[in-house]
Amino acid sequence: MAMKTVWIVLLCLFVIAQADQGGFDVRHHLSTVTRYSVSKDVTQNLIEGSKVPSECTPIHLNLVARHGTRSPTKKRLRELESLAGRLKELVRDAEARNLPSDKIPGWLGKWVSPWQGKVKGGELIRQGEDELYQLGVRVRERFPTLFEEDYHPDVYTIRATQIPRASASAVAFGMGLFSEKGDLGPGRNRAFAVTSENRASDTKLRFFECCQNYKSYRKAKEPAVDKLKEPVLNKITASVAKRYGLSFTKQDVSSLWFLCKQEASLLNVTNQSCELFTPSEVALLEWADDLEVFILKGYGNSLNYKMGVPLLEDVLHSMEAAIKAREENLPPGSYEKARLRFAHAETIVPFSCLLGLFLDASEFEKIQKEKPLELPPQPPKTRDFKGSTMAPFGGNNMLVLYSCPAASSPKYFVQVLHNEHPIAVPGCDGKDFCPLEDFKAKVVTPHLKHAFDNLCNANLDDPKQNHPSGKLSFWSWLLGSSQKTEL
């Protein structure tokens, strides 16, 4: 009878613990390290798509996509090698203090980096290849009339940055998009072109590397960003050290959180490093990562996204060229039907900001008036700006241009899809589908007042220069950052 009572108590405790977790899955909380399959169907900011009139047909598609899931970079590989030695040192110290062995996670002292001995990193891994391949398949299935023509590089333009994981993503996408369209191999693949511009002059996809003022901003701001994140790391370090009786430092916890993201995202392992943290601690660590993205890549400073105007202009020009071809009744195969781009989180986040995604109407009005936005609120408060949904591995924005019957007015419309789903666009009155002229007037034109060279190469210390970053945001002078490897 006593044993039965014990089992009932244990069962109750288990149920309570499960309820406290609330179905928590750490893989949804990895900021920009989140896998596309995990993030794609998250409903945050997504809406029920507009009912596109059946007589309207898509005539052009713009895609801006981040590369797929990649391995840790070389610098991070070295950090993980060092972490393995550090964990063994912590366990030896605990044993010397006679800490009960059942308090120490069993894997800790035996852990070896899954990437041990690897000297190069950052490449697209197989899961990333599949993410982009399947995306290519789905895009063709969703817009069959756009991709029914024979391939020509001027009809289906594919561009990538010079970074190998971006160009590899473009290749994987193209293999899915054009599968069974050729005669190569058992999959009936076909060859296709992927073009890249020199990384030092690629103002459309690597504007963050071409913009000197932005690089100076990041370099100057990192210390203050770290200072904003420090209270979170200090609090979690103290909690984790107390929970396990180990002498964890702030750097240890930072490395373990990085390991958690890599294990959960790349290896689908959630029962080792990720289990060191409670769900509330994971939420705080995710917020700290998102805070950095917000300040250094997103709405935290207007320069972060206004330097992406060449990309926005390129999107608009491609639409206008498609309309011109249609108005002139050019024959099929003589004009572009899709412009497909593959880049980085530093590209996707600013481009999403230019579109005003993940903002309400009042916030959208603020960024168009070059006023600062509040920082994302700390958990448990909710927030719209999340790296896991804005720029996961393989994250993307599609802008689809539709032509409607000549009798209708207006004649051309734009639909905005984020990660393949309709999303509210404040400049389209909170809809995903609006007249092209409204999109141009409310979304594009307000950003065109600042030329790229003036934004990026002007002397910001010169009071005669009309540069927005000096007046845009309180954070633009308070906060700090440095240039980092692109994501």
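Computing FRET efficiency as 1/(1 + (r/R0)^6) for Ser239 and Glu275, where r is the C-beta to C-beta distance and R0 is 22 Å, gives about 0.95. Surface composition of the stretch 118-196: carbon plus sulfur atoms contribute 51% of the solvent-accessible area (1.4 Å probe, protein chains only, all chains present). Once all protein chains are placed together, Tyr335 keeps about 50 Å² accessible to a 1.4 angstrom probe. Among residues other than Val119 whose Cβ falls under 15 Å from its Cβ, what is the net charge (Lys/Arg +1, Asp/Glu -1)? Local net charge: +3. Counting every pair of alpha carbons in the stretch 324-382, the share spaced more than 19 Å apart comes to 58 percent.
Would you work out what percent of the accessible area of the stretch 199-269, with all protein chains in place, is carbon or sulfur (probe 1.4 Å)? Looking at the stretch 199-269 in its full context, I get 53 percent from C and S. Once the gyration tensor of the Cα atoms in the stretch 407-447 is diagonalised, the equivalent ellipsoid follows with semi-axes of 17, 14, 8 Å, ordered largest first. Starting from the Cα of Lys120, step 7 Å toward the Cβ, then list every residue of the stretch 156-171 with an amide N under 19 Å from that point. Taking a point 7 Å out along Cα→Cβ of Lys120, the residues of the stretch 156-171 whose backbone N falls under 19 Å are 161-171. Taking a straight Cα-Cα cut-off under 12 Å and skipping sequence neighbours fewer than 8 places away in the same chain, the aspartates and glutamates within cross-link reach of Lys40 are Glu131, Glu420.
Oblate is the label for the stretch 163-253, because a/c, from the alpha-carbon gyration tensor with a ≥ b ≥ c as root eigenvalues, is 1.5 or above and a/b does not exceed b/c.
Extending each Cα 7 Å along its Cβ direction at Leu267 and Glu148, get the distance between those two points in nm, one decimal. The modelled label-to-label distance comes out at 4.9 nm. Using only the C-alpha atoms, the convex hull of the stretch 122-165 corresponds to 82 Å³ per residue. For the stretch 317-436, list log₁₀ I(q)/I(0) at each q in 0.14 Å⁻¹, using the Debye formula over Cα point scatterers of equal strength and ignoring solvent, two decimals each. Summing over Cα pairs of the stretch 317-436 leads to -0.72. Counting Lys +1, Arg +1, Asp -1, Glu -1, what net charge surrounds Gly245 among other residues with beta carbon under 9 Å of its beta carbon? Spelling it out: positives minus negatives among the neighbours equals +4.
Applying both filters, DSSP loop and at most 13 other Cβ atoms within 10 Å, to the trypsin sites (Lys or Arg not before Pro) of the stretch 365-394 gives Lys369, Lys381. Extension gain, Leu184 to Asp453, is 92.4 nm, computed as 0.36 nm per intervening residue step minus the present C-alpha separation. May I ask you to work out the translational diffusion coefficient for the stretch 54-172 at 25 °C, viscosity 0.890 mPa s, via Stokes-Einstein with Rh from the Kirkwood sum over Cα pairs, reported in whole µm²/s? Rounded to a whole number, D works out at 134 µm²/s.
Placing +1 on each Lys and Arg Cβ and -1 on each Asp and Glu Cβ, with no other charges, gives the chain a dipole about its Cα centre of roughly 1280 debye.
Within the chain, the proportion of C-alpha pairs whose separation exceeds 38 Å stands at 30%. For the stretch 126-135, putting each phi into the Karplus relation 6.51 cos²θ - 1.76 cosθ + 1.60 with θ = phi - 60° gives couplings of 4, 4, x, 4, 5, 4, 6, 4, 5, 4 Hz, in residue order, rounded to whole numbers and with x for Gly and Pro. For Lys235, a cut-off of 20 angstrom between C-alpha atoms picks up these aspartates and glutamates, skipping any fewer than 8 places away in its own chain: Asp226, Asp252, Glu275, Glu281, Glu286, Asp289, Asp290, Glu292.
Solvent-accessible surface of the stretch 56-111, averaged per residue with a 1.4 angstrom probe and all protein chains in place: 46 square angstrom.
Distance between the C-alpha centers of the stretch 353-391 and the stretch 179-236? Whole Å please. Their Cα centres are 21 Å away from one another. Solvent-accessible area of the stretch 295-346 (1.4 angstrom probe, protein heavy atoms only): carbon and sulfur portion equals 50 percent. For the chain, DSSP calls about 70 percent of its internal beta bridges antiparallel.
Within the stretch 185-214, whose backbone N sits under 17 Å from a point 7 Å along Cα→Cβ of Gln162? Those under the cut-off are 194-212.
The dipole here belongs to the stretch 109-262: it is taken about the Cα centre, uses +1 on the Cβ of Lys and Arg and -1 on the Cβ of Asp and Glu, and is about 1080 debye.
Considering amide H positions built from the backbone, and no H for Pro or chain starts, which residues 5 or more places from Ile59, or on another chain, come under 5 Å of its amide H? For Ile59, the qualifying residues are Leu401, Tyr402, Ser403.
I want the local charge near Asn62. Using Cβ-Cβ distances under 9 Å, sum +1 for each Lys or Arg and -1 for each Asp or Glu among the other residues. Around Asn62, the charge tally is +1. Between Ala321 and Ser409, the contour length at 0.36 nm per residue exceeds the alpha carbon distance by 29.7 nm.
The alpha-carbon of Lys449 sits under 18 angstrom from the alpha-carbons of these aspartates and glutamates, leaving out residues fewer than 8 places away in its chain: Glu313, Asp314, Glu365, Glu370, Glu437, Asp438. If R0 is 51 Å, what FRET efficiency do you get for Ala96 and Gln212 from their C-beta distance, rounded to 0.05? My answer for the efficiency is 0.45.
The values are calculated or read from the model by the stated rules, or taken from the named source; none is laboratory data. Keep in mind that what you see is a predicted model, and the values were worked out from it rather than measured. Here Cβ is always computed from backbone atoms with ideal geometry, including for glycine, and neighbour counts include all displayed protein chains. These area figures cover heavy atoms from the full protein model, side chains too; ligands, DNA and RNA do not enter into them. Shrake-Rupley method; radii C 1.70, N 1.55, O 1.52, S 1.80 Å.
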